[in-house]
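Structure record follows, encoded as structure tokens.
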Amino acid sequence: MTSSLSSIFHLHFLPSMTLLQLAVASSGSPSPLLGPLPLIHLASRASPILNNHTGQLEAFNPITQQLIPQGPATDAGGQDFDGPAILWIIFAFVIGSPMAFAGIRGWRLTTGVGLGLAATVCSWAALVNTMGPTGISDLFILVTVLGFFVFGFIFGLLEIGRRSGFVMVGITGGLAFGIRIFILKADLLLPVSNAYGAIWAIIALMGAINGMLLVFKKTERGGLLFACASIGTFLTFLGVDLVLNRQVGMSRGLRFLFDRNSSHIVDIISNGYSPSLLTQILLAVSLGLTQFDVQRCCYMIQH
């Protein structure tokens, strides 16, 4: 059992570490934790035309040449420790800790979390990428996506949603692992100027692989162990990072990875994503603890 779980972990971990090594090998400037970083020119990744001839970066519609009004890319993250920020911290710990320590034993609760998180991520990404320059209040976005979580969670508790929730736990666990790999370095692991599609293809592949593991009887337990550990460590360490680094750590990395709203492009490019050494350490530790948590859960099952 332990060897099969180790194989499942390596199926995710080794390709991810290979990507990390390739990025470091092809880099130019130093990073305190991961070594040199790739030289990235962010402006070319966006469809809007970017120009700073006025002394301030502006975005223009590539077809009409009209100025695109800009808004802040807060994306429901809140500011410092305001209401939305506190709610995200609570959500991360309330969902993450049980998944990390007892997700494999949760059964219906675990399948509920699988569908709930899938609904949360999809609704959040849709909202932040379609809102206009005037934006939507962080609290409204947060309440909306949490509403989607509750709906997905309840559906996953029901017999009709059990199997789909089971598979979604696997997919979400794979995605959570892949996302952390790519936000380890400043401006993402691979250069987003010409590899943004590849980044998401790799993340999606990791989610699909772990989702497939839960389809087959021989691999479903190992896939579920990995998924619960990955989701749990991701959310728990996100909560820790939100407390320590607030909106400039993992939160900024997630917005930098997900947000491609043309009304946010100036904010995204101007401010970029530069995780502190502490955020990088938290990400690396969370990835390492995923393997440890898998082995711990395996020991609990056997004894």
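Readers should treat all values here as calculations from the given coordinates under stated rules, not as data from a laboratory. Predicted, not measured: the structure shown is a model, and the values here were computed from it. Positions of Cβ are generated from backbone atoms using ideal geometry, with glycine treated the same way; all protein chains shown enter the neighbour counts.
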ask   = Exposure proxy check: MET168, MET99 ranked by fewest other beta carbons within 10 Å?
value = MET168, MET99
note = HN-Hα couplings for the range 279-290 via Karplus (6.51, -1.76, 1.60; θ = phi - 60°), in whole Hz with x for Gly/Pro, come out as 4, 4, 5, 4, 5, 5, 5, 5, 5, x, 5, 4
query = If the convex hull of the alpha-carbon atoms of the range 119-208 is projected onto planes in all directions, what is the mean projected area in square nanometres?
reply = 7.1 nm²
inquiry  = On the Cα set of the range 206-289, report Rg and Dmax in Å, please.
reply    = 15.9, 48
query = Of all trypsin sites (Lys or Arg not before Pro) in the range 213-244, which ones are in loop regions per DSSP and have a Cβ with at most 13 other Cβ atoms within 10 Å?
reply = none
